[in-house]
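Heads up, the thing below is written out as structure tokens.
The values are calculated or read from the model by the stated rules, or taken from the named source; none is laboratory data. Since the structure is predicted, the reported quantities are computational estimates derived from the model, not experimental observations. Glycine also receives a Cβ, built like all others from the backbone with ideal geometry; neighbour counts cover every protein chain displayed.
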Amino acid sequence: MEKPIVTVKQGKLQGVFEDNVLGSRYLAFKGIPFAAPPVGKLRFKDPEPPASWEGIRDASKNAGDISIQLKQSPIETIIGDEDCLYLNVYVPNNIYKTTGNPVMVWIHGGAFVMGNGNDISKRPDYLMAKDVILVSINYRLGALGFLNIGHEVASGNQGLKDQVAALRWVKENIETFGGDPNNITVFGSSSGSASTHLLMLSPLSKNLFHKAILQSGVATSIWAVKKNTEASAFKLASIFGNDSKDPKEVVEFLQTIPAAAIINTQFEVVSLEEASITNIPFGPTVDEKSKRPFLPCPVSQLLDDANDIPMIIGCTSHEYIMFLIDASKKNLEKKYAIIELLIQRATNLQDSKKITQLAEQVKEHYFHNKPITKESIPSFIQCLSDLYFCIPAKNFVNDQKKKKQAPIYYYNFSYVGNEMTSTKLMSDNLPMIGASHSDDLTYLFYQLSCKVNDPKPPAIGTKDREVLEILTTIWTNFAKTGNPTPAVDEYITTIWLPVTTDRFNYLDIGDTLQLLTFTDNDNILQKCKY
């Protein structure tokens, strides 16, 4: 069999042909270093350029590891490595040795503390059937990727700067794989979606990509950007026995602590209040103390200068199902008690009286002043789905449609099929009353954890296969041309119209494709006067 070799700026790479579960083959180049290993004195620092190599580098397997992280199931264990700045390039067999092909760059989710871009979790088979080149990346997570001590010695957003370094590498090298460096679409889910949005806002990533797909997460989500991070950095050092208030001294000290110990300990910096909202110990921050800031000022000030590029954005119909593993009455009451705090975060209101009034309106809207019982579960799912995901996304679109020229396509993924999803894997007790957070990924990627008991893809003729074809076609049409539905065909039965200044169009991706319209009444924070 032919041994595919390409030459990038750092040297030669030998890839491997892999069989697609949908038939045909694709070419994979794995474990490509896009930056220097961020270890030793480079821990907490901006990514440095990758070293060159002599001879031919084996890119047939995941030579580079995933970012070090805590894996919760089945037992709590540390996986991955601090040396993690590697990416993977996948090329469909039928476009191998052609030029000018559209490129999609996938940024994985995982609350900025877990996940990876390797095909040990998500294989690219479904997208490989659609004639696009896919790049998936790894980046630093947790404290190692986001420690911000308020000083240039560790100014935060290292993981986001890793993403910029990966995009720069793609821009410089993708042509050798047959990709078009002037047609790059970045897409992600959850924290990968918020990352994609932040990349649109950052001055560091201007002109590195041309379209974006935001799946269940925006930079204005209440969990996306953290504040008061300096205290967390000093608290982390204090846990390990260093109570210095000198940033340089603390960072030098933390550079000596084993990476696994940092990852094991990082959740101890989260306050009880913060844990009740997000339980994300370290994440994106304003990093104005950096020599090259990723977010030089708050997100609200960067929105007007964001890349004006075509965008797909949306949510699943019942995002919060995944996060309601504990549906006991006690836990429901705890969730009910933080609604006021969530509203304060969502609105940035400072007037406690107004916050309380708004909270009462929200509780009336979702719970109708009824006592909290097991029957309240659907109301909780809808309320928290809206506050954490859907309302920030809709508010962002409402704001942007008045200012931007490039089209914005909004969707609601409501399909519930027979395929195994990450949410279903988590618990048999979850109330699957709609499409949960990340359920759409089941139809974009061949997810190995979901295919253990049924390795075959959805069969042709089934509704699941139809949704797979719809989602991959729409996403790749957009990557190719900026238009997700250029024509009607056997799968695309509806033309998806973008949002306009006076009409909030959206595509509902359910048992059928429907073009519908949101009104302000669909958004409680728009409807309420505050």
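Within the stretch 470-487, residues that are over 16 Å from Ile408 (Cβ atoms) sit with their Cβ atoms under 6 Å from residues that are of a type in the set (Lys, Arg) and modelled with pLDDT of 95 or more, at 6+ positions apart or across chains, in these pairs: Thr472/Lys130; Thr476/Lys130. Scanning the stretch 175-206 for residues that are part of a helix (DSSP H, G or I) and under 14 Å from Trp106 (Cβ atoms) turns up Ser191, Gly192, Ser193, Ser195, Thr196, Leu199. Looking across the stretch 247-267, the residues that are closer than 16 Å to Leu141 by Cα and assigned to a helix (DSSP H, G or I) come down to Leu254, Ala259, Ala260, Ala261, Ile262, Ile263, Asn264, Thr265, Gln266, Phe267.
Reported count of residues in the stretch 264-302, each being out of contact with any helix residue (DSSP H, G or I) (no Cβ under 6 Å at 6 or more places or on another chain) and of a type in the set (Val, Ile, Thr), is 6. Residues that are among the polar types (S, T, N, Q) and crowded, with 20+ Cβ neighbours inside 10 Å were ranked within the stretch 470-485; the one that is nearest to Leu515 (Cα to Cα) is Thr485. Per this entry, Pro38 is not counted among residues that are at pLDDT 95 or above, in the same structural domain as Asp125 (by TED's automatic domain parsing) and within 21 Å of the chain's Cα centre (by Cα). For the stretch 327-352, taking the residues that are over 24 Å from the mean Cα position of the chain (by Cα) and not in a helix (DSSP H, G or I), the one that is nearest to Ile377 (Cα to Cα) is identified as Ala327. Residue pairs whose Cβ atoms lie under 6 Å apart, sitting 6 or more positions apart in sequence or on different chains, and linking a residue in the stretch 23-45 that is surrounded by fewer than 18 Cβ atoms within 10 Å (Cβ to Cβ) to a partner that is part of a loop (DSSP other than H, G, I, E, B) and of a type in the set (Asp, Glu), are Ala36/Glu48; Val39/Glu82; Val39/Asp83.
Residue count for the stretch 327-356, restricted to those that are closer than 13 Å to Thr373 by Cα and free of Cβ contacts under 8 Å to residues at least 24 places away in the same chain: 3. Within the bounds of the stretch 87-98, is there any residue that is part of a loop (DSSP other than H, G, I, E, B) and at pLDDT 95 or above? No, every residue in the stretch 87-98 fails to be part of a loop (DSSP other than H, G, I, E, B) and at pLDDT 95 or above. All of Ser67, Ser73 fail the test of being farther than 26 Å from Asp131 by Cα and modelled with pLDDT of 95 or more, apart from Ser67.
Note on the stretch 357-469: enclosed helices (runs of 4 or more DSSP H) holding 2 or more residues that are crowded, with 21+ Cβ neighbours inside 10 Å and either touching a residue at least 40 places away in the same chain (Cβ under 8 Å) or touching a strand residue (DSSP E or B) at 6+ places or on another chain (Cβ under 7 Å) (or both) are 377-385, 391-400. Taken over the stretch 299-312, residues that are without any contact (Cβ under 8 Å) to a residue 40 or more places away in the chain and not in a helix (DSSP H, G or I) amount to 0.
Scan (1) more than 30 Å from Asn183 (Cα to Cα); (2) at pLDDT 90 or above; (3) outside any loop (DSSP other than H, G, I, E, B) for the single condition Glu273 breaks and write down its number. Condition not satisfied by Glu273: (2). Taking the listed residues Phe209, Phe234, the one that is part of a helix (DSSP H, G or I) and among the aromatic types (Phe, Trp, Tyr) is Phe234, with no other qualifying. Looking at (1) more than 26 Å from the chain's Cα centre (by Cα); (2) closer than 30 Å to Glu268 by Cα, which is the only condition Arg43 fails? The single condition Arg43 does not satisfy is (1).
Just one of the listed residues (Arg140, Arg168) is buried (at least 20 other Cβ atoms within 10 Å of the Cβ), of a type in the set (Lys, Arg) and at negative phi, and it is Arg140. Candidates in the stretch 54-70 are the residues that are in a loop (DSSP other than H, G, I, E, B) and aliphatic (A, V, I, L, M); of these, the one that is surrounded by the fewest Cβ atoms within 10 Å (Cβ to Cβ) is Ala63.
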